[in-house]
Amino acid sequence: MNELVFPNINIENLTKWEGDFSPLECIEIKDETHNVKSFTFKSKLDAWFQFLPGQHTTLFLNINGSEVMRTYTIASSPTRPNTITITNKRMNDGVVTNWMHESLKVGDCIDALDIGGSFSVALDKPRTKILLMSGGSGITPMLSMARYCIDLSLNVDLIFLHHAQSSKDLIAKDELEYYQLHKSNFQRHFICDVADSDWQGLSGFLNHEMLIELVPDFVDREIYCCGPEPYMINAKKILESNDFDMSSYHQESFDIESSTAQKNMAINHELPKHEVPPEEINEYNVTLSKSGKVIPCGSNTSILVSIQKQGITVPFACAQGLCGTCRTKMLQGTVEMDAQGGLLKSHEKEGYILTCCSYPTTDVILEL
Ligand code: FES
């Protein structure tokens with residue numbers, strides 16, 4: 001008979017997971033809806049995961065001989081640190097999600113880079129009333145934040161407003177219903193685009209009347225919003241027209257899974273250029289300290305592109321300053337950085353830059 005071995009749960013005695021030095025083993029695959037699955041991973045070295053609710057990680061996969069990276073929000077909560085769960089939706093042209101849905105099996109191992117991102121209740125000083133708004137698979141950071149608040153019994157009044165295409169597309173419905181039944185400080189509301197025969201709730205595009213009906217005190221809440229672009233534009237418009245204090249509004253500024261840059265993520269993908277008047281363009285040297293390579297880089301070209309032009313492969317995913325995958329320590333020099341939320345302030349203070357959106361203003365030395 002196999003003997004059960006219970007691991008040491010004193011986290012201080014465990015190793016912290018630090019990216020691709022420790023592969024991830026898929027330990028559970030669960031159907032969430034007809035086209036959404038949750039994949040749970042643990043570290044092969046039994047390390048624990050340190051992250052904030054709402055952050056994401058970048059998977060590094062070899063699919064049919066091609067190396068690809070995709071960034072996914074972690075849907076699980078850091079209060080359950082021995083595993084991470086990625087919940088994603090199969091998409092017509094989703095190379096990675098389709099591969100995960102069709103080919104990834106329990107017991108398989110994959111690599112992932114670091115964890116990053118700055119969309120998190122744990123980074124802000126939110127009001128004690130919080131509204132989580134999500135559309136479609138934008139629900140994943142909200143699930144992480146809701147699970148975190150509930151596990152820690154935080155003294156917050158939480159409303160979870162989720163919009164799905166139809167009742168068959170409601171992700172984690174039972175879990176959210178459970179919280180509504182058992183937690184006095186939690187309410188969930190679902191809206192479906194299409195009201196099918198077994199849907200009794202609200203349907204259609206979110207509008208002001210619906211928001212007032214479901215969340216009468218929304219103006220008093222800290223609001224976190226994630227979903228497809230039209231969903232977020234609409235939500236923002238409703239809030240602005242109600243004089244909502246937008247400093248209490250936070251959104252995940254891109255749909256990670258459908259990011260154009262990620263779809264076109266060939267290693268030598270041509271990335272956007274930084275506009276600098278021609279007379280102000282200067283040429284600088286970027287030194288990679290580990291190999292001693294010195295790379296020329298114009299002040300109108302991102303450091304990532306300049307490195308790639310030399311045929312050197314370095315990690316990146318969104319190429320828009322959003323995901324944090326290209327984070328690198330700058331040992332010397334200065335850059336102009338167009339980060340779009342992919343770098344924590346604390347990392348910036350420690351000297352990290354995002355190479356995909358950093359443009360040299362002096363010679364630069366990188367810890368690469
Ligand atoms: S690749 Fe995503 S922030 Fe640079």
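The values are calculated or read from the model by the stated rules, or taken from the named source; none is laboratory data. Since the structure is predicted, the reported quantities are computational estimates derived from the model, not experimental observations. All Cβ positions, glycine included, derive from the backbone under ideal geometry; neighbour counts span all protein chains shown.
Observations
- Residue in region 139-151 that is basic (Lys, Arg), closer than 28 Å to Gly201 by Cβ and modelled with pLDDT of 95 or more present: yes
- Criterion violated by Thr97 - all others in (1) in a strand (DSSP E or B); (2) in contact with a helix residue (DSSP H, G or I) (Cβ under 7 Å, 6 or more places away or on another chain) satisfied: (1)
- Filter result (free of Cβ contacts under 8 Å to residues at least 60 places away in the same chain and outside any helix (DSSP H, G or I)) within region 158-182: Leu158, Phe160, Leu161, His162, Ala164, Gln165, Ser166
- Candidates Thr325, Thr313, filtered to the one that is of a type in the set (Val, Ile, Thr), within 16 Å of the ligand (Cβ to nearest atom) and under 18 Å from Gly54 (Cβ atoms): Thr325
- Taking the listed residues Leu343, Leu322, the one that is assigned to a loop (DSSP other than H, G, I, E, B) and out of contact with any Lys or Arg (no Cβ under 9 Å at 6 or more places or on another chain) is Leu322, with no other qualifying.
Residues are listed down the side, and each one gets a yes or a no for (1) among the basic types (Lys, Arg); (2) away from the ligand (no atom under 16 Å from the Cβ):
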| site | (1), (2) |
| --- | --- |
| Phe49 | no, yes |
| Thr57 | no, no |
| Asn64 | no, yes |
| Thr85 | no, yes |
| Val96 | no, no |
| Met100 | no, yes |
| Lys105 | yes, yes |
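- Boolean, Ser291 is in a loop (DSSP other than H, G, I, E, B) and either more than 24 Å from Ser118 (Cα to Cα) or in contact with a Cys (Cβ under 9 Å, 6 or more places away or on another chain) (or both): yes
- Tallying residues that are in contact with a Cys (Cβ under 8 Å, 6 or more places away or on another chain) and among the β-branched types (Val, Ile, Thr) within region 308-363 yields 3.
- Taking the criterion of being closer than 16 Å to Leu59 by Cα, of a type in the set (D, E, K, R) and part of a strand (DSSP E or B), the residues of region 101-151 that qualify are Asp111, Asp114.
- Selected residue [at pLDDT 95 or above, part of a strand (DSSP E or B), out of contact with any Asp or Glu (no Cβ under 7 Å at 6 or more places or on another chain) and within 27 Å of Ser167 (Cα to Cα)] from Thr85, Thr40: Thr85
- You will find that of Asp174, Asp169, Asp157, Asp196, the residue that is in contact with a helix residue (DSSP H, G or I) (Cβ under 7 Å, 6 or more places away or on another chain) and of a type outside the set (Val, Ile, Thr) is Asp196 and no other.
- Of all residues in region 334-368 being within 13 Å of the ligand (Cβ to nearest atom) and of a type in the set (S, T, N, Q), the one that is farthest from Lys293 (Cα to Cα): Gln340
- Looking only at region 290-310, residues that are surrounded by 15 or more Cβ atoms within 10 Å (Cβ to Cβ) and away from the ligand (no atom under 15 Å from the Cβ) come to 5 in all.
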